[in-house]
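Encoded as structure tokens, the structure appears first; notes follow it.
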Amino acid sequence: MPSFLVLTIIGPDRPGLVESLSQVVADHDGNWLESRMSHLAGMFAGILRVAVPEARVDALRGALGELQARGLRIIVETSDAVDAGVDSRLLRLALIGNDRPGIVREIAHALAERGVNVEELDTELVSAPMSGEPLFKATALLRAPAALSLDELSDRLEELAHDLVVELSLDDETDPS
């Protein structure tokens, strides 16, 4: 029976880093299941989920420790492979507006109050087309309780969008129409 591990990795970015990591996983009969990785300010930052035979977990942890000697910081956590999608729906949030502190905090607070989980969040600063002013742009994949009123959530987020002076859209990803 496989064990599921979640790895977080950070270190100076360089060519061959993902190859080294994938080779260590493969050398321990592991299967690379999913990952999110980015280059941020000269650093490599990633999160990765792997399945590995239970008998190979300790050896894989040891081999990952050897990569740490090459400048990477790696945290390994055991995870249950459960489907969080039961009695929930996926929502996609998109936001853009003038950059200012507190945008993520305010939106995250409104979501948490309603039991909505942020499953993926991508943010960036972009230049406004005409003025060149910094715009904050965010997209998020959210998992909401099935019983949550989408209208109530949309209304609250629209209030916040008005207060924060941002444009915001919320779409139900589980709705086939």
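The values are calculated or read from the model by the stated rules, or taken from the named source; none is laboratory data. All values derive from a computational prediction rather than experimental measurement. Using ideal geometry, Cβ is built from the backbone for each residue, glycine included, and neighbour counts are taken over all protein chains shown.
Annotations
A quick yes/no check of all residues on (1) in contact with a strand residue (DSSP E or B) (Cβ under 6 Å, 6 or more places away or on another chain); (2) among the charged types (D, E, K, R):
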site	(1), (2)
SER3	yes, no
THR8	yes, no
GLY11	yes, no
SER20	no, no
ASN31	yes, no
GLY46	yes, no
ARG49	yes, yes
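- Residue list for the stretch 7-28, restricted to those being within 15 Å of ALA63 (Cα to Cα) and among the hydrophobic types (A, V, I, L, M, F, W, C): LEU7, ILE9, LEU17, VAL18, LEU21, VAL24, VAL25, ALA26
- Taken over the stretch 38-49, residues that are surrounded by 14 or more Cβ atoms within 10 Å (Cβ to Cβ) and more than 17 Å from the chain's Cα centre (by Cα) amount to 0.
- Qualifying residue in the stretch 23-31 (condition: closer than 19 Å to GLU77 by Cβ, modelled with pLDDT of 95 or more, within 20 Å of the chain's Cα centre (by Cα) and not polar (S, T, N, Q)): no
Condition check ((1) among the β-branched types (Val, Ile, Thr); (2) assigned to a loop (DSSP other than H, G, I, E, B); (3) surrounded by 13 or more Cβ atoms within 10 Å (Cβ to Cβ)) across all residues:
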{"site": "SER22", "(1), (2), (3)": "no, no, yes"}
{"site": "ALA51", "(1), (2), (3)": "no, no, yes"}
{"site": "VAL57", "(1), (2), (3)": "yes, no, yes"}
{"site": "GLU66", "(1), (2), (3)": "no, no, no"}
{"site": "GLY97", "(1), (2), (3)": "no, no, yes"}
{"site": "ARG100", "(1), (2), (3)": "no, yes, no"}
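- In the set SER20, SER3, only one residue is farther than 27 Å from LEU141 by Cα, of a type in the set (Ser, Thr, Tyr) and in contact with a helix residue (DSSP H, G or I) (Cβ under 8 Å, 6 or more places away or on another chain); that residue is SER20.
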